[in-house]
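Q: Handing you this structure, nothing more for now.
The values are calculated or read from the model by the stated rules, or taken from the named source; none is laboratory data. Owing to the predicted nature of the structure, the values given are computational and were not obtained by experimental measurement. No Cβ is skipped: glycine too gets one built from the backbone with ideal geometry, and neighbour counts run over all protein chains shown. Side chains included, ligands, DNA and RNA excluded: accessible areas come from the protein's heavy atoms. Shrake-Rupley method; radii C 1.70, N 1.55, O 1.52, S 1.80 Å.
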Amino acid sequence: MGRTRMSQDDERQRLDGLYHDIFEKDRRGQAIFEDLYKRFAASAKVHCEGGIDAVLQTYRDAARREVVEYIVTRVNRVAGIDDSPGDET
């Protein structure tokens, strides 16, 4: 059991490193991240008008933004910033 946990930690660190290399170090990855942010995170907001449709749109926006935040979390871990709620992989 301890060995499996160690392997999961190693895999998490390996993937964190890949996210960091691609989205932080590589200019192409930076350009892709910027596009993802503009498309899915920057426009996310709470919709107040429109009843249930507004609620659904708010949830859609939050889901789209969550992917961008996941990338940021993976990159930040390499820099020693672990602000993830719980044990994300």
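Q: What's the longest piece of the chain with no exposed GluC sites (Glu not before Pro), counting a site as exposed if DSSP puts it in a loop and it has at most 11 other beta carbons within 10 Å?
A: Longest site-free region, per DSSP loop and neighbour criteria: 1-48.
Q: Next question, about the same structure. Just to verify a number: FRET efficiency for Ser43 and Arg12, C-beta to C-beta distance, R0 = 25 Å, to 0.05?
A: So the FRET efficiency works out to roughly 0.25.
Q: Follow-up. Rank Val55, Leu15, Tyr70 by how far each Cα sits towards the positive end of the charge dipole of the chain (+1 on Lys, Arg Cβ; -1 on Asp, Glu Cβ) and give me just the farthest.
A: Among Val55, Leu15, Tyr70, the one farthest towards the positive end of the dipole of the chain is Leu15.
Q: Okay, next question. As a test of the formula, what do you get for the chain when each DSSP H run with n ≥ 4 contributes -39,500 (n - 2.57) and the sum is divided by the residue count, at 222 nm and rounded to the nearest 500 deg cm²/dmol?
A: Helix-only estimate at 222 nm: -21500 deg cm²/dmol.
Q: In the range 20-89, which chymotrypsin sites (Phe, Trp or Tyr not before Pro) fall in coil by DSSP and have 11 or fewer other Cβ atoms within 10 Å?
A: Listed in order of number, the matching sites amount to none.
Q: Taking all protein chains in place and a 1.4 Å probe, what share, in percent, of the accessible surface of the chain do carbon and sulfur account for?
A: The nonpolar share, carbon plus sulfur, comes to 55 percent.
Q: Next question, about the same structure. For His47, His20, what's the largest-to-smallest order of accessible area, 1.4 Å probe?
A: His47, His20
Q: Output the 0 to 90 degree angle, nearest 10, between the alpha-carbon long axis of helix 52-78 and the longest principal axis computed from the alpha carbons of the chain.
A: It is inclined by approximately 20 degrees.
Q: With an 8 Å cut-off on Cα pairs and a minimum separation of 6 or more residues, tell me the relative contact order of the chain in percent.
A: In percent, rounded to a whole number, it is 33.
Q: Which shape class applies to the chain: rounded if a/c is under 1.5, otherwise prolate when a/b exceeds b/c and oblate if not, where a ≥ b ≥ c are the square roots of the Cα gyration tensor eigenvalues?
A: oblate
Q: So what is the accessible area of the range 2-85 per residue, in Å², with the probe set to 1.4 Å?
A: 75 Å²
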